[in-house]
1. Find the Cα radius of gyration of segment 42-123, compare it with 2.2 N^0.38 Å by division, and give the number to two decimals.
2. P(r) tail for segment 235-306, what percent of Cα pairs lie past 18 Å?
3. Per residue of segment 283-300, in order, report the coupling 6.51 cos²θ - 1.76 cosθ + 1.60 (Karplus, θ = phi - 60°) as ³J(HN,Hα) in whole Hz, putting x for Gly and Pro.
4. Could you state the orientation-averaged shadow area of the convex hull built on the Cα atoms of segment 194-269, in nm² to one decimal?
5. If each DSSP helix of 4+ residues adds -39,500 (n - 2.57) and the sum is divided by the residues in the chain, what number results at 222 nm, nearest 500 deg cm²/dmol?
6. Quick one: with all protein chains in place, what share of the accessible area of segment 1-153 is carbon or sulfur, to the nearest percent (1.4 Å probe)?
7. What aspartates and glutamates sit close enough to LYS6 to cross-link, taking a C-alpha to C-alpha distance under 20 Å and skipping anything fewer than 8 places away on the same chain?
8. Provide the percentage of antiparallel DSSP beta bridges, counting only those with both residues in the chain; round to the nearest 5.
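The values are calculated or read from the model by the stated rules, or taken from the named source; none is laboratory data. Just so you know, these numbers come straight off a predicted model, no measurement behind them. A quick note on method: Cβ atoms are made from the backbone with ideal geometry, for glycine too, and the neighbour counts reach across all protein chains shown. Quick note on the areas: whole protein, heavy atoms, side chains included, nothing else; ligands and nucleic acids left out. Shrake-Rupley method; radii C 1.70, N 1.55, O 1.52, S 1.80 Å.
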Amino acid sequence: MSEWEKNLLDIAPYVAGEQPDNDKIIKLNANENPYPPSPAAEKALRELKVGELNKYPDANAMPLMEILAKMHGLTPANVFIGNGSDDVLALSFRAFFNSKKPILYPDITYSFYPVWCDLLKIPYKLCPVDENFRINSEDYYPENGGVVIANPNAPTSITEGKDFIVDILEHNKDCVVIIDEAYVDFGTYSAVELVSKYENLLVTQTFSKSRSLAGMRIGMAFGSEKLISCLRAVKDSYNSYPLDTAALTAACASAEDEVYFRHTVLKVMQTRDETAQTLRGLGFKVMDSATNFLFATHPDYTAEEIFMYLRENGVFVRYFKKPRIDNYLRITVGTDEQMKRLCELLTKLITG
Ligand code: PMP
């Protein structure tokens with residue numbers, strides 16, 4: 001077999017949560033928001049001038065960059081827009097993790113990181129989280145080629161605070177530190193305020209979770225002008241336009257609807273906390289979640305058993321057959337009604 005064939009076959013792609021073609025399935029397996037996007041986004045899409053789709057969109061999604069920059073007290077030169085944060089992260093790995101030294105990230109984290117490392121031939125070293133899935137900041141002190149940390153972390157759902165992030169940044173001044181904040185809006189500290197202080201910090205976020213726009217693929221990064229201009233150069237070497245006109249229209253309207261955003265995020269958090277309580281009452285160990293999902297295990301039933309049982313009963317959750325977490329389930333927070341059904345099924349299984 002030729003070398004190029006061998007290299008291609010070596011790549012194990014990221015596996016996303018299943019998308020069943022059946023409305024009756026309760027889908028709690030992809031950390032999507034159960035509520036629709038802001039009505040303002042719907043209105044803007046309905047008013048979209050289809051006749052103008054003959055034109056290319058704004059090359060840098062400038063209207064959205066301006067809104068996001070203002071939101072965080074930054075300038076558009078500190079904001080980068082991409083097709084979902086997966087796109088932003090992949091471009092960032094390409095742009096910043098170019099040293100021969102390994103990049104560092106936790107052994108339990110977003111499973112796309114090793115995929116990009118393998119694809120882009122970036123050396124990496126895994127830093128084991130402790131028995132409670134907490135990340136130890138000291139693991140990130142040794143010299144390295146870059147750091148990437150999801151905060152809150154996925155699939156563990158737990159979060160670290162400002163001191164932790166600052167500690168990582170203070171010990172990593174010579175490499176780029178990426179903080180992946182896909183779930184940050186569900187109740188934790190955001191490091192965006194630190195980008196004006198640390199020139200090597202890049203914070204990525206998404207419209208897929210807290211803004212209910214996973215279907216439109218909108219992600220962003222905040223960083224120093226130096227990092228953002230480098231990211232733009234890499235993107236412009238691959239493709240010329242980040243968001244299509246429809247996505248840009250929906251994103252701008254959604255970003256400006258703060259009231260709906262707060263309302264739905266709070267609702268998800270409330271449902272999350274109530275569900276966690278119910279699951280704990282059934283004997284589950286549930287991590288303290290700062291996200292829109294719960295990470296849980298039960299002493300008497302294997303995660304795989306529960307996963308299969310729920311699946312047979314029309315509720316899809318996520319199960320990762322991976323070392324250290326193969327007895328845990330990742331359960332996305334749905335509507336109250338969906339979580340009620342989940343809890344009813346689990347009560348039936350556990351209490352008979
Ligand atoms: N980071 C983390 C930790 C995630 O769980 C996800 C969602 N799969 C993403 C980034 C990417 O989200 P998106 O591309 O939809 O913005």
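1. Values: Rg = 17.4 Å, N = 82, 2.2 N^0.38 = 11.7 Å.
After normalising by residue count via 2.2 N^0.38 Å, the value is 1.48.
2. Values: 1572 of 2556 pairs.
When all Cα pairs of segment 235-306 are counted, 62 percent exceed 18 Å.
3. Result, rounded to whole Hz: x, 6, 8, 10, 5, 6, 8, 10, 10, 9, 8, 10, 10, 9, 9, 10, x, 9.
4. On the way: hull surface 24.6 nm².
Hull-based average projected area comes out at 6.1 nm².
5. On the way: 11 runs with 131 residues, N = 352.
Calculated at 222 nm, the ellipticity per residue is -11500 deg cm²/dmol.
6. On the way: 4500 of 8400 Å².
So the carbon and sulfur contribution to the accessible surface is 54 percent.
7. ASP118
8. Working: 17 of 32 bridges.
Bridges in the chain are about 55 percent antiparallel.
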